[in-house]
1. Given the structure, is Leu94 within 25 Å of His157 (Cβ to Cβ) and either in a loop (DSSP other than H, G, I, E, B) or in contact with a helix residue (DSSP H, G or I) (Cβ under 6 Å, 6 or more places away or on another chain) (or both)?
2. In segment 3-22, is there at least one residue being on the phi < 0 side of the Ramachandran plot, charged (D, E, K, R) and in a loop (DSSP other than H, G, I, E, B)?
3. So, in segment 118-146, exactly how many residues are in contact (Cβ under 8 Å) with a residue 60 or more places away in the chain, in contact with a helix residue (DSSP H, G or I) (Cβ under 9 Å, 6 or more places away or on another chain) and either hydrophobic (A, V, I, L, M, F, W, C) or part of a helix (DSSP H, G or I) (or both)?
4. Taking segment 23-33 only, how many residues are of a type outside the set (S, T, N, Q), more than 15 Å from the chain's Cα centre (by Cα) and assigned to a helix (DSSP H, G or I)?
5. Hey, among Arg156, Arg124, which residue is within 22 Å of Val5 (Cα to Cα), within 12 Å of the chain's Cα centre (by Cα) and basic (Lys, Arg)?
6. Take the residues in segment 126-163 that are among the hydrophobic types (A, V, I, L, M, F, W, C) and at pLDDT 90 or above; name whichever of them is nearest to Asn108 (Cα to Cα).
7. Looking only at residues that are surrounded by 14 or more Cβ atoms within 10 Å (Cβ to Cβ) and among the small types (Gly, Ala, Ser) in segment 72-116, which one is farthest from the chain's Cα centre (by Cα)?
8. Filter segment 12-71 down to the residues that are touching a residue at least 60 places away in the same chain (Cβ under 8 Å) and hydroxyl-bearing (Ser, Thr, Tyr), then identify the one that is farthest from Val121 (Cα to Cα).
Amino acid sequence: MIRWVKEFVQVPHPVFADYPPCPYARQAMLDGKVEFKELTDAEPDSNIWTRIDRFDFKNKDVLVIIAEAKRWTPHYTRKLAEQLNRSYQSDNLLIMEDHPRLVEKVKNVKLNQGKHTLLFVQHRVKLKKFEDILKRTKYYDNFSRGYHESVTGTWRHPVKSRS
C-alpha cells in the first residue's frame with residue numbers, strides 16, 4: 001500500500017496537469033493524517049463501522065480500510081460503500097471504494113490500487129475544499145464527463161444540517 005501511494009498516488013502526471021493523481025496525499029502522509037487499517041478475513045464486516053466510529057477525524061484526514069480483493073465481489077463492494085455512505089451521511093463522512101475489478105481510468109491512467117479492496121473514509125467538508133481548489137486548475141481537464149461527475153458530483157458534497 002505504502003509503495004503504491006509513494007510510487008503512483010503522489011507522483012505528478014501529465015494527465016492530471018502535472019499534479020499527482022491525489023495532489024494532497026503526500027502532505028497528508030508526511031503530516032501523519034492518513035491511517036491504514038487492515039480488515040482481516042477473520043473479522044466480520046461490522047468491524048468497518050467500528051473502525052470508522054473510532055477514527056479520530058478531528059486530527060486525521062483519511063482512514064483507508066484494506067481488505068483482500070477476494071473478500072467481496074465488485075458489486076458487493078459498491079453496495080457496501082453505498083450502505084456506509086448512508087450510515088455516515090449525517091456525520092458528513094464520505095466512503096469511496098476501490099476494487100481491483102472496478103477499473104477507474106483517466107485517459108490511459110488506471111487509478112486502482114489493483115491488489116486489494118480499499119475503502120477510503122474522509123470528511124466531506126475537507127474533500128470539497130480541496131475539490132474547489134483543483135477546479136481552478138487544469139487538473140480535471142482529461143476526466144470524462146461521467147467520471148468527473150462521479151468524483152466531484154454533488155452527492156459527495158457536505159450535507160447541510162437541519163438545525
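1. Details: within 25 Å of His157 (Cβ to Cβ): yes; either in a loop (DSSP other than H, G, I, E, B) or in contact with a helix residue (DSSP H, G or I) (Cβ under 6 Å, 6 or more places away or on another chain) (or both): yes.
It is true that Leu94 is within 25 Å of His157 (Cβ to Cβ) and either in a loop (DSSP other than H, G, I, E, B) or in contact with a helix residue (DSSP H, G or I) (Cβ under 6 Å, 6 or more places away or on another chain) (or both).
2. First, the residues of segment 3-22 that are on the phi < 0 side of the Ramachandran plot: 3-16, 19-22.
Right, trim to charged (D, E, K, R) and you get 3, 6-7.
Right, trim to in a loop (DSSP other than H, G, I, E, B) and you get none.
Checking segment 3-22: not a single residue is on the phi < 0 side of the Ramachandran plot, charged (D, E, K, R) and in a loop (DSSP other than H, G, I, E, B).
3. 3
4. As a first pass, look at segment 23-33 and keep what is of a type outside the set (S, T, N, Q): 23-26, 28-33.
Remaining after also requiring more than 15 Å from the chain's Cα centre (by Cα): 30-32.
Filter again for assigned to a helix (DSSP H, G or I), leaving 30.
Result for segment 23-33: 1.
5. Numbers: Arg156 fails: within 22 Å of Val5 (Cα to Cα).
Only one candidate qualifies: Arg124.
6. We begin by selecting, within segment 126-163, every residue among the hydrophobic types (A, V, I, L, M, F, W, C); these are 127, 130, 133-134, 143, 151, 155, 159.
Of the ones still in play, those that are also at pLDDT 90 or above are 130, 133-134, 143.
Details: Phe130: 24, Ile133: 24, Leu134: 20, Phe143: 11 Å.
Taking the candidates together, the pick is Phe143.
7. Ranking the candidates gives Ser87 first.
8. In the first step, residues of segment 12-71 are kept if they are touching a residue at least 60 places away in the same chain (Cβ under 8 Å); the result is 13, 15-17, 19, 21, 23-24, 48, 52, 55, 57, 61-62, 64, 66.
Now drop any that are not hydroxyl-bearing (Ser, Thr, Tyr), which leaves 19, 24.
On the way: Tyr19: 22, Tyr24: 15 Å.
Checking each candidate, the answer is Tyr19.
The values are calculated or read from the model by the stated rules, or taken from the named source; none is laboratory data. Note that this is a predicted model, so its numbers are computed, not measured. Please note: Cβ atoms are built from the backbone with ideal geometry, for glycine as well, and neighbour counts cover all protein chains shown.
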